[in-house]
Amino acid sequence: MSSDPTKTLRQQLDDVVNLASISSANPAIDSSNKAIIDYLASQFESLGFSCEIIPSDNTGNKFNLLASIGSGPGGLVLAGHTDTVPLNEELWTVDPFHATERDGKLYGLGITDMKGFFPLIMAAVKPLLNSKFREPLIILATSDEETSMQGARTIAELGRPKARSAVIGEPTGLQPVRAHKGIMMESIRLLGQSGHSSDPSLGRNALDAMHKVISDLMIYREELKAKYTNGLFEIPYPTLNLGCIHGGDNPNRICGSCELEFDVRLMPGMHIDTVREEIKQRVQKVVTPLGISVELAPLFAGVPAFFADENSELIKLAEELSGNEAISVAFGTEGPFLQHLGMDTIIMGPGNIDQAHQPDEYMSLDMINPCLNLLTQLITRHCLH
Ligand SMILES: [Zn+2]
């Protein structure tokens, strides 16, 4: 696809939806995001941005884009992910890979979560290109947000990008978001010894041991709840969900191994490594006297909790510009990784999360102008003052 600065916003929205970029833990469904990264690079280059494409990993399939105009300290990062979740194509009433307008809405996979954010940035920045960028405007487009967040992790490990402020354009109905919980998913595997069920001394029962482990995890859950409560969240305490369990094979055999998977939704102030270590010590204390060995393994690297600085200038500005008070949300984002780089970070973008991750994903057309105004103001205040 050629880079053409005369492309309209509508054409660009169609283009980004058209360039499929599905992320999935299932390798058969997971696809490269190279086409959309290349497309965004060519479009931003045609507007005068300097572009750099950075591999997310060593697979050669996944990439991030940094596009910048202006230089020096300060400035603004506008960030988003280029991948989408998989889809059930048979449940869509429109072509998921074309932006289709119907009843004041624009439909397409990823239109609101969140490939549509990039054409909106371009539309907002175009009228400003004759001004001098006293501080940089940096666009960050990542890979794999919907699965491992590997794109944001890699970029953050490189210590980039750097700016005063960062806005991630996830669909929040243009409400500034100051907080979300973190998430970790873990497995506990207990290894005992199988044997004939008629004599318990012939083995070491991993299911019996798991019963004790679960009881202890439920105590730990209550301890976490008592320690971390924050009224900013709809569910104002951390949760620990026992998700699935597999063990044993037959009623008349002593269960030799048993595996439990669970997640923890972390409140701000809780840290993934600390929680993991506490669980490890507790489980070991429970099972060691039973002669059972234990393997603990994260099911993915986890996403930290996010909480914007109490005195965040960006929150104040975003509340003023949007007319909306900052809120918390129930989904995880790349926010913690950008915040970790020292940037005043919020989540705020067009569309609504309840329109994402489902058939007939859409963005209301009446979101577009308010979003453009907001982006224009954010860019002007940070970069052109
Ligand atoms: Zn998203």
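The values are calculated or read from the model by the stated rules, or taken from the named source; none is laboratory data. Since this is a predicted model, take the numbers as computed values, not measurements. Cβ: placed from backbone, ideal geometry, glycine included. Neighbour counts: every protein chain shown. Surface areas here come from the heavy atoms of the whole protein model, side chains and all, with no ligands, DNA or RNA. Shrake-Rupley method; radii C 1.70, N 1.55, O 1.52, S 1.80 Å.
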Filter result for R189 (over 26 Å from A25 (Cα atoms), basic (K, R) and open to solvent by 20 Å² or more (accessible area, probe 1.4 Å)): no
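Among the residues in segment 79-89, are any away from the ligand (no atom under 16 Å from the Cβ), crowded, with 24+ Cβ neighbours inside 10 Å and under 24 Å from the mean Cα position of the chain (by Cα)? Break it down into steps so the answer makes sense when it comes.
Taking segment 79-89 first, the residues away from the ligand (no atom under 16 Å from the Cβ) are 88-89.
Subset that is crowded, with 24+ Cβ neighbours inside 10 Å: none.
Within segment 79-89, not a single residue is away from the ligand (no atom under 16 Å from the Cβ), crowded, with 24+ Cβ neighbours inside 10 Å and under 24 Å from the mean Cα position of the chain (by Cα).
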Test for I111: is it outside any helix (DSSP H, G or I), within 14 Å of the ligand (Cβ to nearest atom) and touching a Phe, Trp or Tyr at 6+ places or on another chain (Cβ under 7 Å): yes
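Of these, A330, A297, which one is within 16 Å of the ligand (Cβ to nearest atom), in contact with an Asp or Glu (Cβ under 9 Å, 6 or more places away or on another chain) and either open to solvent by less than 60 Å² (accessible area, probe 1.4 Å) or within 26 Å of A179 (Cα to Cα) (or both)?
From the options A330, A297, the qualifying one is A330.
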Pairs, first on the phi > 0 side of the Ramachandran plot and touching a residue at least 40 places away in the same chain (Cβ under 8 Å) in segment 354-368, second surrounded by fewer than 16 Cβ atoms within 10 Å (Cβ to Cβ) and part of a loop (DSSP other than H, G, I, E, B), C-beta under 6 Å, six or more apart: D360/T93
Residue in segment 116-125 that is in contact with a helix residue (DSSP H, G or I) (Cβ under 7 Å, 6 or more places away or on another chain), part of a loop (DSSP other than H, G, I, E, B) and away from the ligand (no atom under 16 Å from the Cβ) present: no
Positions within segment 94-130 being more than 21 Å from I36 (Cα to Cα) and open to solvent by 50 Å² or more (accessible area, probe 1.4 Å), in sequence order: E101, R102, D103, K105, P127, L129, N130
Tabulated pairs, segment 105-118, first farther than 16 Å from L374 by Cβ and among the aromatic types (F, W, Y), second in a loop (DSSP other than H, G, I, E, B) and open to solvent by 10 Å² or more (accessible area, probe 1.4 Å), C-beta under 6 angstrom, 6+ apart or interchain: Y107/V94; Y107/D360
Any hit, segment 58-70, residues being free of Cβ contacts under 8 Å to residues at least 24 places away in the same chain, assigned to a strand (DSSP E or B) and either touching an Asp or Glu at 6+ places or on another chain (Cβ under 7 Å) or over 28 Å from K105 (Cα atoms) (or both): no
Subset of segment 316-327 (residues that are in a helix (DSSP H, G or I) and in contact with an Asp or Glu (Cβ under 8 Å, 6 or more places away or on another chain)): E319
Residues located in segment 334-355, provided they are under 13 Å from A308 (Cα atoms) and outside any loop (DSSP other than H, G, I, E, B): G335, P336, F337, L338, Q339, H340, D344, T345, I346, I347
Selection within segment 168-189 - within 16 Å of the ligand (Cβ to nearest atom), touching a Phe, Trp or Tyr at 6+ places or on another chain (Cβ under 6 Å) and over 18 Å from T376 (Cβ atoms): H180
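Can you name the residue in segment 145-173 that is of a type in the set (A, V, I, L, M, F, W, C) and assigned to a loop (DSSP other than H, G, I, E, B) and is also surrounded by the fewest Cβ atoms within 10 Å (Cβ to Cβ) among such residues?
Selected residue: L158.
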